[in-house]
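To keep things clear, I will list the structure first and then write my remarks on it.
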Amino acid sequence: MPSLTETFSAHFGHAPDGVWSAPGRVNLIGEHTDYNGGLALPIALPQRTRCAASAREDDVLSIHSLQDDSSVEVRIDDVAPGHPAGWTAYVAGVLWALREAGYAVRGLEVVVDGQVPLGAGLSSSAALECSVAAAASDLFGLGLLESAEGRSTLASACQRAENDIAGAPTGGMDQAAAMHCTERHALRLDCRDGSTSQVPFDLSAHDVVLLVTDTRASHALADGQYGARRDSCERAADILGVEFLREIDPAALDEALAQLPDDVLRRRTRHVVTEIARVDEVVDALRRNDLEEVGRLFVASHESLRDDYEVSCTELDLVVDTAVDEGALGARMTGGGFGGSAIALVPVAEVDRVSAAIATAFADAKLTAPVSFSVTAGGPASKD
Ligand code: GAF
């Protein structure tokens, strides 16, 4: 396959002004907490989406994909909810959102090379949005990559692209991860005030790896299930008289649950409140290198997502159960759920056995073969 810059030159007749890239993510813990003003703890993946880009003088965005050889042209002024459709909404939506935020952006020529697995719950869409946002910031002299505050502005524009143009009512963790995560660190993200801190995350000294398993079970955030979970949380917060479920003190959880009118709202609330508390427990355990405790908290998180939040599925449960049975310190689904990927903390000596056991369990259950790979914490959106 020709390189990204060769494809750009062949397609547009000149070399690009530059190449920018942004990572996918896995969230270590803190799932379905971002839209509740809660805490999350993602790492950036080594897998990145790269975009070669040049600024145009006019309003036209011209996009080409290396993977499916498709091209789309759209005027930024014509971008609106549902237009353009498909993956190009994430690109066009970013320029639209930056303009909505008051930044003077024009059209771009873009060729995209997406190396984050699609539909795997690893935030390929945020990686795409953030790579384009990084390019736009540099090419239009916005300077937003240069500061944490600027990066948060870019992350917000990317979230608006996803919410308003692509129609996925997501919470913002994925875009914040792509903009703020740093190598060998997890990002403690406070979604109430937007603050971030870096937590050392380098498992190599402990002979442990983070194993990601893409279940290949389809996963979509623009369908009704994700939005239904958000609605339940908003209803519960409303009944409890708080802006976000983050405000419920875990020590007073039972009293809060007693005020809710039905079992579903009680279980959704219990997941959110306990999951937010688990994030700082994992941060503390990582800081004292207690990976056994991190593993235990992973399993508690998975059980809460499976039983109380009901966003797991057969495939995710099978990865988690098999990994733990075969010697993982802990495992859990990561991301939105309903398919996508799971993560496991696995001693190096057990990685091949755990991966093989997961593959065998899927084959025995007549499920599509999963893909397992180990990851380290990568860096944020940047110019290559
Ligand atoms: C998806 C969403 F995009 C995030 O905002 C977050 O809510 C996550 O699911 C669940 O934690 O990745």
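The values are calculated or read from the model by the stated rules, or taken from the named source; none is laboratory data. Not measured: the values here are computed from a predicted model. Every residue, glycine as well, gets a Cβ built from its backbone with ideal geometry; the counts of neighbours run over all protein chains shown.
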Regarding the stretch 155-170, can at least one residue be identified that is within 13 Å of the ligand (Cβ to nearest atom), on the phi > 0 side of the Ramachandran plot and outside any helix (DSSP H, G or I)?
yes
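Within the stretch 255-273, is even one residue modelled with pLDDT of 95 or more, under 20 Å from THR334 (Cα atoms) and of a type in the set (A, V, I, L, M, F, W, C)? Let's see the steps before the verdict.
Kept after step one, since they are modelled with pLDDT of 95 or more, are these residues of the stretch 255-273: 255-273.
Filter again for under 20 Å from THR334 (Cα atoms), leaving 267-273.
Keeping just the survivors that are of a type in the set (A, V, I, L, M, F, W, C) gives 272-273.
There is at least one residue in the stretch 255-273 that is modelled with pLDDT of 95 or more, under 20 Å from THR334 (Cα atoms) and of a type in the set (A, V, I, L, M, F, W, C).
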Given the residues ALA228, ALA237, ALA217, which is the only one that is closer than 24 Å to GLY167 by Cβ, outside the structural domain of SER123 (by TED's automatic domain parsing), outside any helix (DSSP H, G or I) and of a type in the set (Gly, Ala, Ser)?
ALA217
For the stretch 171-191 the number of residues that are over 11 Å from the mean Cα position of the chain (by Cα), crowded, with 22+ Cβ neighbours inside 10 Å and in a loop (DSSP other than H, G, I, E, B) is 2
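Provide a single number: the residues in the stretch 55-64 that are farther than 14 Å from GLU6 by Cα and either crowded, with 19+ Cβ neighbours inside 10 Å or of a type outside the set (D, E, K, R) (or both). Even if it seems obvious, please write down each step before you answer.
So in the stretch 55-64, the residues farther than 14 Å from GLU6 by Cα come out as 55-63.
Pick out the ones that are also either crowded, with 19+ Cβ neighbours inside 10 Å or of a type outside the set (D, E, K, R) (or both) and you get 55, 60-63.
Residues meeting the conditions: 5.
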Just a yes or no: is a residue in the stretch 191-208 over 22 Å from TYR90 (Cβ atoms), in the same structural domain as ALA133 (by TED's automatic domain parsing) and within 16 Å of the ligand (Cβ to nearest atom)?
yes
Inside the stretch 1-29, can you point out the residues that are within 16 Å of the ligand (Cβ to nearest atom) and out of contact with any Pro (no Cβ under 8 Å at 6 or more places or on another chain)?
ILE29
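Could you say which residue among GLY119, GLY114, GLY107 is over 20 Å from TYR35 (Cα atoms), assigned by TED's automatic domain parsing to the domain that holds VAL72, surrounded by fewer than 22 Cβ atoms within 10 Å (Cβ to Cβ) and more than 13 Å from the ligand (Cβ to nearest atom)?
On the way: GLY119 fails: more than 13 Å from the ligand (Cβ to nearest atom); GLY114 fails: surrounded by fewer than 22 Cβ atoms within 10 Å (Cβ to Cβ).
One residue alone meets the criteria, GLY107.
Which one is nearest to SER355 (Cα to Cα) among residues in the stretch 320-334 that are among the aliphatic types (A, V, I, L, M) and over 20 Å from the mean Cα position of the chain (by Cα)? Full working, then the answer.
Taking the stretch 320-334 first, the residues among the aliphatic types (A, V, I, L, M) are 320, 323-324, 328-329, 331, 333.
This time we only want the ones that are over 20 Å from the mean Cα position of the chain (by Cα), so: 323-324, 328-329.
Working: ALA323: 8, VAL324: 11, ALA328: 10, LEU329: 14 Å.
Once the filter is applied, the top-ranked residue is ALA323.
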Within the stretch 59-101, can you find the residues that are β-branched (Val, Ile, Thr) and either closer than 20 Å to ASN163 by Cα or touching a residue at least 24 places away in the same chain (Cβ under 8 Å) (or both)?
VAL60, ILE63, VAL74, ILE76, VAL79, THR88, VAL91, VAL94
Flag for LEU128 being farther than 12 Å from LEU95 by Cα, assigned to a helix (DSSP H, G or I) and within 16 Å of the ligand (Cβ to nearest atom):
yes
When the residues of the stretch 280-310 are narrowed to those that are in contact (Cβ under 8 Å) with a residue 60 or more places away in the chain and charged (D, E, K, R), which ends up nearest to LEU253 (Cα to Cα)?
ASP280
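Per-residue answers, yes or no, for (1) more than 29 Å from GLN198 (Cα to Cα); (2) touching a residue at least 40 places away in the same chain (Cβ under 8 Å); (3) within 16 Å of the ligand (Cβ to nearest atom); (4) not in a strand (DSSP E or B):
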| position | (1), (2), (3), (4) |
| --- | --- |
| ARG278 | no, yes, yes, yes |
| SER312 | no, no, yes, yes |
| VAL324 | no, no, no, yes |
| ARG332 | no, yes, yes, no |
If the Cβ limit is 6 Å and pairs must be 6+ apart or interchain, which residue in the stretch 336-351 that is charged (D, E, K, R) pairs with which residue that is away from the ligand (no atom under 13 Å from the Cβ)?
GLU350/GLY327
In the stretch 339-371, which residues are closer than 25 Å to ALA300 by Cα and either outside the structural domain of THR215 (by TED's automatic domain parsing) or of a type in the set (D, E, K, R) (or both)?
GLU350, ASP352, ARG353
